[in-house]
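Okay, structure first, notes after.
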4 protein chains.
Amino acid sequence: MRLSSFKSVVSKYDVIFFDAFGVLKTHDTLIPGIGRTFEYLREHKKDFYVLTNDASRSPQDLADSYHRLGLYDIVPNSIISSGMLARDYLALKVDGGTVAYLGTEKSAHYLEILGLKTLPIGELNLDFAHEVNALVLLDDEGFDWNRDLSKTVNLLRRRNIPVIVANTDRYYPMSSHSVSIAIGAVATMIEDIVGKHFIRFGKPDAQMFIFAHEQVKNHSNVSKKKILMVGDTLHTDILGGNKFGLDTVLVLTGNTQPKEAEVKIHTTGIIPTYVCQSAVV
Amino acid sequence: MRLSSFKSVVSKYDVIFFDAFGVLKTHDTLIPGIGRTFEYLREHKKDFYVLTNDASRSPQDLADSYHRLGLYDIVPNSIISSGMLARDYLALKVDGGTVAYLGTEKSAHYLEILGLKTLPIGELNLDFAHEVNALVLLDDEGFDWNRDLSKTVNLLRRRNIPVIVANTDRYYPMSSHSVSIAIGAVATMIEDIVGKHFIRFGKPDAQMFIFAHEQVKNHSNVSKKKILMVGDTLHTDILGGNKFGLDTVLVLTGNTQPKEAEVKIHTTGIIPTYVCQSAVV
Amino acid sequence: MRLSSFKSVVSKYDVIFFDAFGVLKTHDTLIPGIGRTFEYLREHKKDFYVLTNDASRSPQDLADSYHRLGLYDIVPNSIISSGMLARDYLALKVDGGTVAYLGTEKSAHYLEILGLKTLPIGELNLDFAHEVNALVLLDDEGFDWNRDLSKTVNLLRRRNIPVIVANTDRYYPMSSHSVSIAIGAVATMIEDIVGKHFIRFGKPDAQMFIFAHEQVKNHSNVSKKKILMVGDTLHTDILGGNKFGLDTVLVLTGNTQPKEAEVKIHTTGIIPTYVCQSAVV
Amino acid sequence: MRLSSFKSVVSKYDVIFFDAFGVLKTHDTLIPGIGRTFEYLREHKKDFYVLTNDASRSPQDLADSYHRLGLYDIVPNSIISSGMLARDYLALKVDGGTVAYLGTEKSAHYLEILGLKTLPIGELNLDFAHEVNALVLLDDEGFDWNRDLSKTVNLLRRRNIPVIVANTDRYYPMSSHSVSIAIGAVATMIEDIVGKHFIRFGKPDAQMFIFAHEQVKNHSNVSKKKILMVGDTLHTDILGGNKFGLDTVLVLTGNTQPKEAEVKIHTTGIIPTYVCQSAVV
């Protein structure tokens, strides 16, 4: 497998879409040197967006998390999160009643700005299940998995309501050696148990890319051929980018370990345009 | 389950998206009375589009097929097919070499206008597998299933190339009593055997809806709340429409039989906004 | 759907295989009246076995749990658990090193009688992952799901070891209204994340039935035509019994609710020989 | 990956279970040198059985096919086929009516000895669907895939009957370079379309191994520790052998190509006890 220089790749495009986890940061630190990439983008007047399957916080909170780590280029308007798509869906399709959720209070606050009444699953009394009109899976933190996932199954055995999964990731990197299970994997387990179809937002789905593409078009008229998607995960970032017709870069600082990249590309058939060590120029 | 009158439902929207098979026509006839629906739309100046997972023919050929049956309202510009998305993908992502395909010559002709060299799988000599740069699954007709599907598996064991599925449907109605297996189901079988991920175009994927939505926006500025999706299949039409934020109608003239509609809605959790006997006003 | 009288059904067979949860008991009580069934079996000299996907306790502990509830007919030798099969597998296939597990200490004690060194996942230091030679998923209790399931994923990213799932159930009844997620569903989630194949023991797999059938043959020479399997779950009890060539009874006191039985039988294609309200004569 | 000498491995066991395709033969020839293996077994008085997911012919026909190729050690009693298990199931569970089938007349003849009336799907008139009490998927040859698979779907939309899959293989080797899709893969496609659960016989299911183990026990009292399973496919031969508690050998003359063996073992987590170039001593 031939590794390309990220700088030489990025120089060929006008707009860059970045995944967040495993590309720009891990659980609690920036990828070392990533600041230089944003200096480079600024100097060369290249536009960028961060496309993240992170529904646990608002764009403002997400931007703040980069600022605290010393990266100030990322502002709320640079961020497109699957939570934004989930919120738009709820605004269009849920009329009233209670929206139950799995996740932290912070993630739910994000829904409350729609005027929807929210309730953490842990506080739901199943005798009042009939008041729940939608269920949203937001985040893997903020609830007791054993107790609340069983409660979720019982709610869905009683109520035929839309279930929205605001993060399709199955796991995310915690450090260079370890990962954590994400709400997307939990959602699949529940879906399988109750035999129902949940509504998912996030890469590789086209909606994330279209949302980002529309932001680009508001600023300039760039062809898809001049947009590059950079990600660490074949099944979300690379598949989604490929499918939307973009060129793609797989970086090896997150979910895909260097020694397994070639095998994974071969066995999945998901083929990035380039493979780079990292997104650092 | 309460059935709604299609006329009273459609009167509330400005733009209607129709699925084709099982909604407007079956294999070789129109749904009886469907002509009246298009008269109604014309009289009330409601816009419409046909969103079809049919990659076997060009929009012109598809429009002609309605004209031959006596329905003249549907013109090439009214039609958005998954084949159009597949073609756009190939134009963006495949640079040269041969594109092998499963389907009829007519479906391949559609790719040739891109300047790509096409070859039916049946004529491929596997000793020249290295010349094939993409594989497209277009149609369930036009090849010998037993022989050519095994050949497809052998091609994909040798070549790590993108595989495009231009129709995600698993089956389509032939008459009110019987169905035919579609290329989408065949694609899943091959995917499972070779363990690779294919690139699919068609409902329920958002791209079909976005493509249609962009056509709408070229004409007028209509909110998603005023667009209605009409389909006969929960997993494609209704799921896709719901997910894109549209109101949806399930009609019972195609894949979903009247006696099983309620059970299917309950067991899948895919919930249409309305259920109507047919799309006839 | 025609309901049969359990007494008239059971009278036609010489040996009865019972599932436990949802047939004989729920989480903490006996199914009301089930004692009469065992009186009937005793009077009519019909043999019986309890086939349970419960790997959380030894046959002795399981028998004790019935005695505490006042049912004395079930003795350790009447019980065939998936944990017994898992233990036999470990005895044959794991030579040394540590066996890590998810479950309670009580479930692990059961493995220790093989002389294997066991360690709860929660106490595993991943720097010593190389000492782990097998992983066993025993029970849904006894660990912190969020923390320990992520740790399990990280162990399996480092070590290519056999993973044994000693309970294939996806959920089990807690009361007539609610269920709890079982370790079998958790196993599928982990399997999906790490992309590996786990070794499962429990119904519907033939091994449970063969193990029971061999016990029967030690006592008498009974044809399969005279053995009846009684269960509350189509995918485990009924599918497994059918496949082993036994006649089967679905009872409606557990996982399959009366109002949904007919639909589930129709949509799954898993067809019990009889449906009875309960296993009470 | 360390390759072991097949002779040194086989010398440690008393009874050998062989898979057929890819281990003893390919589509139309013996694996070169395999005759020496059977000489060796004869000389050293080691017992053997052939466990094959081949339901297209009777044990007598299968034995004849080896004799025609010059290998006379394999007699009908040495062969345990998934077709034998499917036949036993039909004898126990289907009382009358017609058994429809996909496969050749030769494969159906095998069912007729039970006294069951059989009908190839291609000759079924769907107006008489109510006379069909079971459907058996026997072989990938003997029918028109496009026409008859759609007919199969339509039969199963009308009738809630048991469907038996007598061969779980998804593909089989035709030569050292190419494979052919087997009925097991076709079965999964149909199952997925109709949403029903089929009854499968064949490796990796325990029933094949138990059937073979019982034959062994009729002759001698051999511990499982002295039985070796030899196969070319991880998901059937090796998984099934491992799960039944046997030591296993993966050979590289069939479905698993030498260059991909290590990766497949790692990514599937199905770990053979040994890997050998072939089953030739």
From the list C:Val194, C:Val165, C:Val153, C:Val94, pick out the single residue that is over 20 Å from D:Leu239 (Cα atoms), of a type outside the set (D, E, K, R) and within 14 Å of chain D (Cβ to nearest Cβ). C:Val153
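Any idea which residue in the stretch D:260-270 is nearest to the other protein chains (Cβ to nearest Cβ), counting only those that are of a type outside the set (A, V, I, L, M, F, W, C) and either closer than 19 Å to D:Tyr171 by Cα or buried (at least 18 other Cβ atoms within 10 Å of the Cβ) (or both)? Before you say what the answer is, go through the steps one by one.
Of the stretch D:260-270, the ones of a type outside the set (A, V, I, L, M, F, W, C) are D:260, D:262, D:264, D:266-269.
With the extra rule that they be either closer than 19 Å to D:Tyr171 by Cα or buried (at least 18 other Cβ atoms within 10 Å of the Cβ) (or both), the set shrinks to D:260, D:264, D:267-269.
Values: D:Glu260: 9, D:Lys264: 9, D:Thr267: 6, D:Thr268: 5, D:Gly269: 3 Å.
Checked the stretch D:260-270; the qualifying residue nearest to the other protein chains (Cβ to nearest Cβ) is D:Gly269.
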Would a scan of the stretch B:187-210 turn up a residue that is more than 30 Å from A:Ile271 (Cα to Cα) and of a type in the set (Asp, Glu)? no
Filtered residues of the stretch A:217-264 (kept if in contact with a Pro (Cβ under 7 Å, 6 or more places away or on another chain) and more than 26 Å from A:Lys46 (Cβ to Cβ)): A:His235
Across the stretch B:25-72, which residue is farthest from the chain's Cα centre (by Cα) among those that are among the polar types (S, T, N, Q) and not in a helix (DSSP H, G or I)? B:Thr29
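Quick grid of which residues meet (1) of a type in the set (Val, Ile, Thr); (2) away from chain A (no Cβ under 11 Å):
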residue: B:Tyr171; (1), (2): no, yes
residue: B:Ser175; (1), (2): no, yes
residue: B:Ser180; (1), (2): no, yes
residue: B:Val186; (1), (2): yes, yes
residue: B:Met189; (1), (2): no, yes
residue: B:Phe198; (1), (2): no, no
residue: B:Met208; (1), (2): no, no
residue: B:Ala212; (1), (2): no, yes
Pairs returned, first residue in the stretch D:248-271 that is more than 18 Å from D:Phe21 (Cβ to Cβ), second residue that is assigned to a strand (DSSP E or B), beta-carbon separation under 8 angstrom, 6 or more apart or interchain, are D:Ile265/D:Leu250; D:Ile265/D:Val275; D:Gly269/C:Val163
Out of the residues in the stretch C:217-256 that are touching a Ser or Thr at 6+ places or on another chain (Cβ under 6 Å), within 19 Å of D:Arg200 (Cβ to Cβ) and not in a helix (DSSP H, G or I), which is farthest from the other protein chains (Cβ to nearest Cβ)? C:Met229
Those residues of the stretch C:124-141 which are under 23 Å from C:Ala86 (Cβ atoms), within 12 Å of chain A (Cβ to nearest Cβ), of a type outside the set (A, V, I, L, M) and without any contact (Cβ under 8 Å) to a residue 60 or more places away in the chain, in sequence order: C:Asp140
For the subset of the stretch D:48-84 comprising residues that are surrounded by fewer than 21 Cβ atoms within 10 Å (Cβ to Cβ) and among the polar types (S, T, N, Q), which member is nearest to D:Ile238 (Cα to Cα)? D:Ser78
Wholly inside the stretch A:77-140, strands (runs of 3 or more DSSP E) that include 1 or more residues that are assigned by TED's automatic domain parsing to the domain that holds A:Ile164 and more than 15 Å from A:Ala166 (Cβ to Cβ) are A:98-102, A:117-120, A:132-137
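The values are calculated or read from the model by the stated rules, or taken from the named source; none is laboratory data. No experiment lies behind these values; they were computed from the predicted model shown. Positions of Cβ are generated from backbone atoms using ideal geometry, with glycine treated the same way; all protein chains shown enter the neighbour counts.
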